[in-house]
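Notes for the one structure printed next.
The values are calculated or read from the model by the stated rules, or taken from the named source; none is laboratory data. All values derive from a computational prediction rather than experimental measurement. Virtual Cβ from ideal backbone geometry, glycine too; neighbours counted across all protein chains shown.
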Amino acid sequence: MLLVLKEIYKSAVSIRAYPLVVGLILAAVIAFGFIFYPSAIIKYFPEAFFGNTHTRIQWSVLNIDNETPPVHRVYVFGGSQVIQGFPPVEQLQELADDVVGQVQISEVAFSGQSLFDSFVLLSNLPIDDQTVVFLQISPSRFKDKARLIRASRLILDSSEVLNEMREAGFNLIDSERTSRICRELIILATRAFRPYDKLATEAKYVDDPAQFVARLLPRPTQPNKAPDQVKAQAQDASISNMDVLRVIQKYVSERGGQLYLFEMPHNVDFPKGMPGWAPQGHEDQAVEKWLSRLHDNSSKGQAESSRFSDGFYQKVKESGVPFISFHSPKLYNAQNYYDSVHLRSSGREIFLPLFFDALESTFNTSQSTNPEITQ
């Protein structure tokens, strides 16, 4: 790389193209930094640069104050249900100050976030004996096969995460790191400087349900598999989300923090009464496609009946991690949701007080106590 830069410099000097050479060198340095030291580069970019939700989350994680908060640090990880269930960060902190007090709260969620993604982000955050970690759990985030680094949408340095996984007995191979980061850089470049609104999907859903679901559940393109990745794929197949959860639990507890699993509300009467499905011509096709993605099943009825099965709750119980469910059908109605699982603003008004009540109770609850599961 240095030889290439040297030749570019010599050529530019010969034609007195000093602005060009400076621009090329800066571009090369930034690209090099993103590929090999992404967290060091992301942290010093302005937040307004990031139109890519995943990179914006990474930026916010890297810029969280490492100083000890007044009393408690609270981190909330999860996917699109968490995004729609919690208000923007400034509003969330104001509510926490008013309701709970003496707490620094950070919602760290993006659509499709896996448990491994959550662990990558968590490894970049300060954890001490006054830290409480809430990790959203659902059937789509708790499958037998874990989605690891090759399918992650993050471009954070993950050496500490990989070390933790290796210490747990997993021989991980990150052979696609450069191609994965380059793919995200292209996405970042195409979305940079776009206006960002955490809850903008509320309006988009009513305008175009199909576009809403497609945006909410992106499917990252899978790069071509090289021959040397066969072993890595076989290793992936033997790692479940339960395995990843055990590593997360060990990581948090060794630093003195408390870990809780939690379940977001969902609509048991979907799609009955869904206000967003009023536009004609969609015929619930977007939702059928969504359910097919989640369950590899084209039958909406079968997918719905198996989504929240007893087997899922049994797996959660077997993990040994305290579990709090906010799924209380009597408290919500169909008008509180966009679809079967994503809250509207009216749903957030019901959910947030329940969450803050649970949060306050965790401050005086030991790890060995399992809060009651509400179903």
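What to note about this one:
- Only residues that are more than 20 Å from His327 (Cβ to Cβ) and not polar (S, T, N, Q) were counted in segment 236-267, giving 16.
- Among the residues making up segment 140-158, a single one is of a type in the set (S, T, N, Q) and modelled with pLDDT of 75 or more: Ser152.
- Breaking point among (1) under 16 Å from Phe356 (Cα atoms); (2) out of contact with any Asp or Glu (no Cβ under 7 Å at 6 or more places or on another chain), for Val82: (2)
- Residue match in segment 342-353 (condition: in a helix (DSSP H, G or I), among the hydrophobic types (A, V, I, L, M, F, W, C), modelled with pLDDT of 80 or more and surrounded by fewer than 16 Cβ atoms within 10 Å (Cβ to Cβ)): no
- Arg166 in contact with an Asp or Glu (Cβ under 6 Å, 6 or more places away or on another chain) and either surrounded by 20 or more Cβ atoms within 10 Å (Cβ to Cβ) or farther than 24 Å from Cys182 by Cβ (or both): no
- Positions within segment 125-144 being in a loop (DSSP other than H, G, I, E, B) and of a type in the set (S, T, N, Q), in sequence order: Gln130, Ser138
- For segment 238-257, filtered to residues that are of a type outside the set (Phe, Trp, Tyr) and buried (at least 20 other Cβ atoms within 10 Å of the Cβ), the residue that is modelled with the lowest pLDDT is Ile239.
- Of the helices (runs of 4 or more DSSP H) entirely within segment 38-105, those holding at least 2 residues that are touching a Ser or Thr at 6+ places or on another chain (Cβ under 7 Å) and within 19 Å of Asp197 (Cα to Cα) occupy 80-85.
- Residue list for segment 45-74, filter: within 24 Å of Ser345 (Cβ to Cβ), crowded, with 20+ Cβ neighbours inside 10 Å and not β-branched (Val, Ile, Thr): Arg56
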